[in-house]
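Some notes on the structure that comes next.
The values are calculated or read from the model by the stated rules, or taken from the named source; none is laboratory data. These numbers come from a predicted model, not from an experiment. Quick reminder, even Gly has a Cβ in these numbers, built from the backbone with ideal geometry, and neighbours come from all protein chains shown. Quick note on the areas: whole protein, heavy atoms, side chains included, nothing else; ligands and nucleic acids left out. Shrake-Rupley method; radii C 1.70, N 1.55, O 1.52, S 1.80 Å.
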Amino acid sequence: MQRFSAFSLFRHALSHHQNWQRSWRNPEPKKHYDVIIVGGGGHGLATAYYLAKVHNVTNIAVIEKGYLGGGNTGRNTTIVRSNYLWDEAAHLYEHSLKLWETLSTELNYNVMFSQRGVLNLGHTLQDMRDIERRVSANRLNGIDGEVLDASGVKKIVPHIDITSARRYPILGASWQPRGGVARHDAVAWGYARAADALGVDLLQACAVTGFELEGDQLRGVVTDRYGVIHAGRVGCVVAGNSGVLAGYGGFELPIESHPLQALVSEPIKPILNTVVMSNQVHGYVSQSDKGDLVIGAGIDSYTGYGQRGSMPVIEHTLAAMIELFPMFSRVPMNRQWGGIVDTTPDACPIIGKTPVENLYFNCGWGTGGFKATPGSGHVFADCLASDEIPALAKPFALDRFYSGALIDEHGAAGVAH
C-alpha cells in the first residue's frame, strides 16, 4: 500500500487546486439569478455548494470583492471543535464537525482535516469547575469530552510545563479527541471547485456596493464591475463587513468588527500533535503539517477593519505560550497577521431573515467561524432554498435581540476560537 507524507498530500492538494484555478475564468454574469451569495469565503462557497447539491438550485452566483478564500478563510488558525456549552451552539457546531469528518470524500478534495484532539487548559479552581460543567453538558448532547488532571495533560503533551511555579499553573483540561485542525483555505478551494462543477457562477474581483430595492423588497445587488445583477434572493456571508452591507439595506446589526491576531513560527520538526488552548490567557497553539507553530491570540479591544498584526497583543500571547512551553522561546517567529471578525453581544451567529424581504444574513460568528464552515453553509442553504429557518438555525435568528432570548456563549466554551 502506497503511503504519503503530510507534505506530499499538501503538495498534491495545492497542485490540484492550481490546475483547477488555471482552467477556470470569471464567467459573464447572467441578468437574473435565483440566488446570489455575497462573499466568496468558506461559508459563502459552502452555502452555494449545498444549494446546488442538496436543493438542486444551480442558477446561483457567488460574488467576491477580492479572490475566493482570500479574506478570513485565508487568515484563520485552522481549529475545528464542537465542545460548546449551550445546547443551541453545541448542536450547530457538532453538526458541522460531523460534516468535517467526511468532507474530503464529499468534495473529492483533500481539506487535510486531522482529528488530533483539542485541549482546553484549566489554570484555576474556577476554570476546572467550568470545564467539568462544560464536559458534562457536552456528554448530555452526545458530544465527546473528558476532564483531565495535570498528569493527563502531560501524557498527551509531554513538552508542556505543569510545575506549580509557573505564572499559569496547569490544574487540568477538557479534552475533545474528535476535534483537530484542517488546512485553512483548502475548504474554500474544495467548495469552490465542487460548486463550479455544479454550474455555480463564481464572480471574483467584483464588489457589491449597494442593493437594488423596491420598497422593502430586494430585487438585486449593485456591483462595481457589472452594475445591477438581479436575484430572487440574496444571502450575505461577508464576515467583518456585515455591518457595511446591512447599511445598504437600511438597517443595523448588533455586531462589532474587531481585528483578530495570529502568527506562525518558522517550520520545525514535529513536536506538538494536538491543539492546546488556554482561556486564561486567551491563546492557543498547534503545529501545522508544514511544521509551523500556529499561535493565536484574542481580538483587539478596539473595533476596526485592519488585517494587520498588533504587536502588544502578540507579545502578551507569546509570553503566555512561553510560560506553557519554555522551549518555544528559542523558535523564531515567521510572520504575524490580523483577520477581521464580527462579534455579537452573545458571541453567537446571526442566521436567517432580515427586515428587507428576500435579503438574508449569515454573520456574527466571531472567532468560531472556521470550525462552523460546513454546518453554516448547510443550514444557510436550507434557509435560502425554502425561505424557512431550519431548526438548527432558529435560535440564531436576528429577532432574538428584540425578544431577549440570547444564547451567551461568550467565554462559556473555553477560548472562543
Qualifying residue in segment 43-56 (condition: open to solvent by 10 Å² or more (accessible area, probe 1.4 Å), under 17 Å from residue 208 (Cβ atoms) and in a loop (DSSP other than H, G, I, E, B)): no
Pairs, first open to solvent by less than 10 Å² (accessible area, probe 1.4 Å) in segment 215-236, second acidic (Asp, Glu), C-beta under 6 Å, six or more apart: 220/212
Odd one out for residue 94 among (1) of a type in the set (D, E, K, R); (2) surrounded by fewer than 17 Cβ atoms within 10 Å (Cβ to Cβ); (3) modelled with pLDDT of 95 or more: (2)
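Table: residues versus (1) outside any strand (DSSP E or B); (2) of a type in the set (Ser, Thr, Tyr); (3) in contact (Cβ under 8 Å) with a residue 40 or more places away in the chain; (4) farther than 22 Å from residue 252 by Cβ.
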{"residue": "374", "(1), (2), (3), (4)": "yes, no, yes, yes"}
{"residue": "380", "(1), (2), (3), (4)": "yes, no, yes, no"}
{"residue": "385", "(1), (2), (3), (4)": "yes, no, yes, yes"}
{"residue": "388", "(1), (2), (3), (4)": "yes, no, no, yes"}
{"residue": "402", "(1), (2), (3), (4)": "yes, yes, no, no"}
Criterion violated by residue 347 - all others in (1) under 30 Å from residue 157 (Cα atoms); (2) in a helix (DSSP H, G or I) satisfied: (2)
Any hit, segment 202-213, residues being closer than 15 Å to residue 373 by Cβ and open to solvent by less than 40 Å² (accessible area, probe 1.4 Å): no
Flag if residue 177 is out of contact with any Leu (no Cβ under 9 Å at 6 or more places or on another chain), under 29 Å from residue 99 (Cβ atoms) and either in contact (Cβ under 8 Å) with a residue 24 or more places away in the chain or surrounded by fewer than 16 Cβ atoms within 10 Å (Cβ to Cβ) (or both): yes
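Name the residue, out of 341, 313, that is outside any loop (DSSP other than H, G, I, E, B) and either at positive phi or touching a residue at least 60 places away in the same chain (Cβ under 8 Å) (or both). Step through it out loud before you land on a result.
Values: 313 fails: either at positive phi or touching a residue at least 60 places away in the same chain (Cβ under 8 Å) (or both).
Exactly one residue qualifies, and that residue is 341.
Condition test on residue 413, is it within 21 Å of residue 297 (Cβ to Cβ) and either modelled with pLDDT of 95 or more or crowded, with 21+ Cβ neighbours inside 10 Å (or both)? If you could, list the steps in order and put the result at the bottom.
Details: within 21 Å of residue 297 (Cβ to Cβ): yes; either modelled with pLDDT of 95 or more or crowded, with 21+ Cβ neighbours inside 10 Å (or both): yes.
Considered against the rule, which asks whether it is within 21 Å of residue 297 (Cβ to Cβ) and either modelled with pLDDT of 95 or more or crowded, with 21+ Cβ neighbours inside 10 Å (or both), residue 413 comes out as yes.
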Checklist (1) closer than 16 Å to residue 323 by Cα; (2) without any contact (Cβ under 8 Å) to a residue 40 or more places away in the chain applied to residue 172, failing item: (2)
